[in-house]
Amino acid sequence: MRFQVAVCGPGRCTEEERLHARQVGRLLAERDAIVLCGGGGGVMAAAAEGARSRGGLVVGIRPDTDRAAAPDALSAVILTGMGESRNAVIVASADAVISVGGSWGTLSEIALAARRGEIPVVCLAGWQVTEQAGTPVAGLVHTATPEEAVATALARWAP
């Protein structure tokens, strides 16, 4: 069975986040990983475009029931009608999570993935989550490049 990596990030993102997400998608497709995303714009669309540019498979898990609102780069669209609760479906379906940038939805996905405790949770720019004392929360790996993010996410997977 192929490895599934959720790429999470804001629907409205910066140009740097867009470039990072596109490169993450490309690199995951080159490693034959399936890309899961929220099926929206911004980071989600960029990761999908990157993966598809390398022949990758991308599944968008939408919060609504509007297939027409999904980016063209998705290979398949799952319409949930669950709103932001669909973040739990994305994370539960992933073998690893890479967040690019940050929004409230992205933070919820990071939290759900960290709570699982059994999958890599990689942050590429964006949220820095700390405990009350200011120490970083255990379980999150912060990376500086798309290459490092993908290598970290896939480290435990041997195709």
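Answer yes or no as to whether A73 is of a type outside the set (S, T, Y), in contact (Cβ under 8 Å) with a residue 12 or more places away in the chain, part of a loop (DSSP other than H, G, I, E, B) and out of contact with any His (no Cβ under 9 Å at 6 or more places or on another chain).
yes
Considering every residue within region 98-107, establish whether at least one is of a type in the set (S, T, Y) and farther than 21 Å from R62 by Cβ.
Within region 98-107 (the criterion being of a type in the set (S, T, Y) and farther than 21 Å from R62 by Cβ), the answer is no, since none of the residues qualifies.
Are there any pairs, at least 6 apart or on different chains, whose C-beta atoms fall under 7 Å, with the first in region 10-26 and modelled with pLDDT of 95 or more and the second exposed (fewer than 15 other Cβ atoms within 10 Å of the Cβ) and of a type outside the set (A, V, I, L, M, F, W, C), and if so, which?
R26/S53; R26/R54
Can you tell which of E147, E131 is among the charged types (D, E, K, R), at negative phi and more than 15 Å from the chain's Cα centre (by Cα)?
Answer to the selection: E131.
Considering only residues that are of a type outside the set (A, V, I, L, M), more than 11 Å from the chain's Cα centre (by Cα) and open to solvent by 30 Å² or more (accessible area, probe 1.4 Å), which ones fall in region 1-14?
R2, G11, R12, T14
Within the group E84, E109, which residue is buried (at least 21 other Cβ atoms within 10 Å of the Cβ), of a type in the set (D, E, K, R) and in contact (Cβ under 8 Å) with a residue 24 or more places away in the chain?
After applying the criteria, what remains is E109.
In this structure, is L79 surrounded by fewer than 20 Cβ atoms within 10 Å (Cβ to Cβ), under 22 Å from R12 (Cβ atoms), hydrophobic (A, V, I, L, M, F, W, C) and in contact (Cβ under 8 Å) with a residue 12 or more places away in the chain?
Yes, satisfied.
Does E17 fit the bill of being part of a helix (DSSP H, G or I) and open to solvent by 50 Å² or more (accessible area, probe 1.4 Å)?
No; evaluated as a whole, the condition is false for this residue.
Suppose we keep only residues that are in contact with a Lys or Arg (Cβ under 6 Å, 6 or more places away or on another chain) and in a helix (DSSP H, G or I) within region 20-39. Which one would you say is most open to solvent (accessible area, probe 1.4 Å)?
Checking each candidate, the answer is E30.
From the list A144, A96, A149, A138, pick out the single residue that is open to solvent by 70 Å² or more (accessible area, probe 1.4 Å) and closer than 23 Å to E17 by Cβ.
It is A144.
Can you pull out every residue in region 40-69 that is of a type outside the set (G, A, S), surrounded by fewer than 19 Cβ atoms within 10 Å (Cβ to Cβ) and in a loop (DSSP other than H, G, I, E, B)?
R54, L57, D64, T65, D66
The values are calculated or read from the model by the stated rules, or taken from the named source; none is laboratory data. All of these numbers come straight from a predicted model, not from anything done at the bench. Cβ coordinates were reconstructed from backbone atoms using ideal geometry, including for glycine residues, and neighbour counts include every protein chain displayed. Surface accessibility is based on the protein's heavy atoms, side chains included, excluding ligands, DNA and RNA. Shrake-Rupley method; radii C 1.70, N 1.55, O 1.52, S 1.80 Å.
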